[in-house]
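Please read the structure below before turning to the comments.
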Amino acid sequence: MRSSRLISLIAVSTLALCAKLAVAAPITIEDGQHTVHLPQAPQRVVVLEFSFLDSLAAVGVTPVGAADDGDANRVLPRVRQAIGQWQSVGLRAQPSIEQIARLKPDLIIADLNRHQALYSDLASLAPTLLLPSRGEDYEGSLKSAELIGQALGKSEAMAARIAQNRRSLADIAGQVPAGTKVLFGVAREDSFSVHGPHSYAGSVLKAIGLQVPAVRSNAAPTELVSLEQLLALDPAWLLVGHYRHPSLVDTWSQQPLWQVLGAVRNHQVAEVDGDTWARNRGVMASEQIAEDALAILKGGKAAMTP
């Protein structure tokens with residue numbers, strides 16, 4: 001009896017020690033710019049882009065701080081629900097170094113395009129990953145998510161979540177009319193920018209089997225277009241994210257040329273959430289975009305009235 005109890009105690013102690021050592025194991029990450037060394041899985045994470053919030057939510061990690069433009073409602077609702085509360089550290093374009101410092105982070109995840117000039121300041125506070133969130137397409141965002149999972153000590157959990165994501169998009173691809181020509185764009189007061197096949201939203205639409213037209217062969221991921229250029233693209237479905245009302249699309253909708261668009265004639269112009277489709281990226285964002293597209297193409301959302 002005593003020997004059995006002793007063996008059990010030793011086994012429990014060994015497991016506890018192994019678990020402690022696993023938590024304390026150092027982590028080394030190559031982010032493409034720097035080699036980042038973490039003494040152990042971080043506990044106080046600050047993120048400076050919405051897509052990084054998405055990655056944390058995918059594996060159930062709540063950051064202590066996030067650059068959220070002072071408006072948490074811009075973050076995907078399912079991401080907010082998954083991670084709960086965080087402290088704002090200001091604008092994504094210009095986060096507050098002072099507010100970040102007060103949070104005493106042990107990992108900062110920053111955007112390569114927005115924050116490279118701030119790298120020295122950020123790295124003086126905590127190990128800092130620079131990942132290319134802005135301009136990233138669907139596959140690129142999953143690669144960044146994998147690196148974030150590694151940095152958090154949650155590689156296996158992230159791999160499982162990404163596999164689930166791919167299954168979800170494949171399921172939706174089996175339900176949409178393959179090859180349908182769909183174009184998403186963002187409307188501001190005086191501009192309309194289309195998100196082509198190499199944009200984030202465009203690449204998600206392609207991943208579910210839709211055709212996304214490009215303004216030209218060497219077009220940037222997002223391009224400002226005129227109404228005449230939009231006519232030349234001639235999508236079967238036009239999905240519009242309004243950043244503000246009234247927008248340029250509201251103005252176009254009053255012009256005779258707007259009525260020439262096939263999508264308008266066929267009542268296949270629909271409004272989508274601009275924050276979700278243009279500002280958010282990541283595992284959960286791709287699922288939301290794909291689900292929205294499926295609902296629209298199957299008639300689950302009311303089309304805009306031109």
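Mind checking which residues of the range 73-116 are polar (S, T, N, Q), under 23 Å from residue 33 (Cα atoms) and part of a loop (DSSP other than H, G, I, E, B)?
Across the range 73-116, the qualifying residues are 94, 96.
Can you find a residue that is of a type in the set (Phe, Trp, Tyr) and closer than 30 Å to residue 253 by Cα anywhere in the range 173-186? Lay out the reasoning, then the answer.
Taking the range 173-186 first, the residues of a type in the set (Phe, Trp, Tyr) are 184.
Those still in the list that are closer than 30 Å to residue 253 by Cα too: 184.
Yes: the range 173-186 contains one or more residues that are of a type in the set (Phe, Trp, Tyr) and closer than 30 Å to residue 253 by Cα.
Output yes when any residue across the range 231-240 is of a type in the set (Val, Ile, Thr) and buried (at least 19 other Cβ atoms within 10 Å of the Cβ), and no when none is.
Yes - at least one qualifying residue is present in the range 231-240.
Is it true that residue 83 is more than 25 Å from residue 153 (Cβ to Cβ) and either in the same structural domain as residue 157 (by TED's automatic domain parsing) or over 19 Å from the mean Cα position of the chain (by Cα) (or both)?
Against the criterion (more than 25 Å from residue 153 (Cβ to Cβ) and either in the same structural domain as residue 157 (by TED's automatic domain parsing) or over 19 Å from the mean Cα position of the chain (by Cα) (or both)), residue 83 does not qualify.
Please list, ordered by residue number, the strands (runs of 3 or more DSSP E) wholly in the range 127-244 having 3 or more residues that are in the same structural domain as residue 52 (by TED's automatic domain parsing), of a type outside the set (Val, Ile, Thr) and more than 29 Å from residue 257 (Cβ to Cβ).
Counting at least 3 such residues, we get 128-131.
Among what's in the range 157-203 and is aromatic (Phe, Trp, Tyr) and farther than 23 Å from residue 147 by Cα, pick the residue that is surrounded by the fewest Cβ atoms within 10 Å (Cβ to Cβ). Spell out how you get there, then give the answer.
Within the range 157-203, the first condition is being aromatic (Phe, Trp, Tyr), and the residues that meet it are 184, 192, 200.
When the remaining residues are screened for being farther than 23 Å from residue 147 by Cα, the result is 184, 192.
Details: 184: 30, 192: 21.
The extreme case among them is 192.
Quick one: is residue 57 touching a strand residue (DSSP E or B) at 6+ places or on another chain (Cβ under 9 Å) and either loosely packed, with under 15 Cβ neighbours inside 10 Å or touching a residue at least 40 places away in the same chain (Cβ under 8 Å) (or both)?
It is false that residue 57 is touching a strand residue (DSSP E or B) at 6+ places or on another chain (Cβ under 9 Å) and either loosely packed, with under 15 Cβ neighbours inside 10 Å or touching a residue at least 40 places away in the same chain (Cβ under 8 Å) (or both).
Can you name the number of the only condition in (1) assigned to a helix (DSSP H, G or I); (2) of a type outside the set (A, V, I, L, M); (3) buried (at least 20 other Cβ atoms within 10 Å of the Cβ) that residue 119 fails?
(3)
Could you tell me whether residue 287 is among the charged types (D, E, K, R), surrounded by 15 or more Cβ atoms within 10 Å (Cβ to Cβ) and free of Cβ contacts under 8 Å to residues at least 40 places away in the same chain?
no
Give me the residue from the range 264-284 that is among the hydrophobic types (A, V, I, L, M, F, W, C) and in contact (Cβ under 8 Å) with a residue 60 or more places away in the chain and, out of that set, surrounded by the most Cβ atoms within 10 Å (Cβ to Cβ).
Applying the filter and picking the extreme gives 277.
Of the residues in the range 227-249, how many are touching a residue at least 12 places away in the same chain (Cβ under 8 Å), more than 17 Å from residue 212 (Cα to Cα), out of contact with any Leu (no Cβ under 6 Å at 6 or more places or on another chain) and of a type outside the set (D, E, K, R)?
6
Criterion first (in contact (Cβ under 8 Å) with a residue 12 or more places away in the chain, β-branched (Val, Ile, Thr) and surrounded by 23 or more Cβ atoms within 10 Å (Cβ to Cβ)) does residue 83 satisfy it?
no
What do you reckon, is residue 231 in contact with a helix residue (DSSP H, G or I) (Cβ under 8 Å, 6 or more places away or on another chain) and modelled with pLDDT of 95 or more?
Criteria met by residue 231.
The values are calculated or read from the model by the stated rules, or taken from the named source; none is laboratory data. This one's a predicted model, so the numbers in the text were calculated from it and none came from an experiment. No Cβ is skipped: glycine too gets one built from the backbone with ideal geometry, and neighbour counts run over all protein chains shown.
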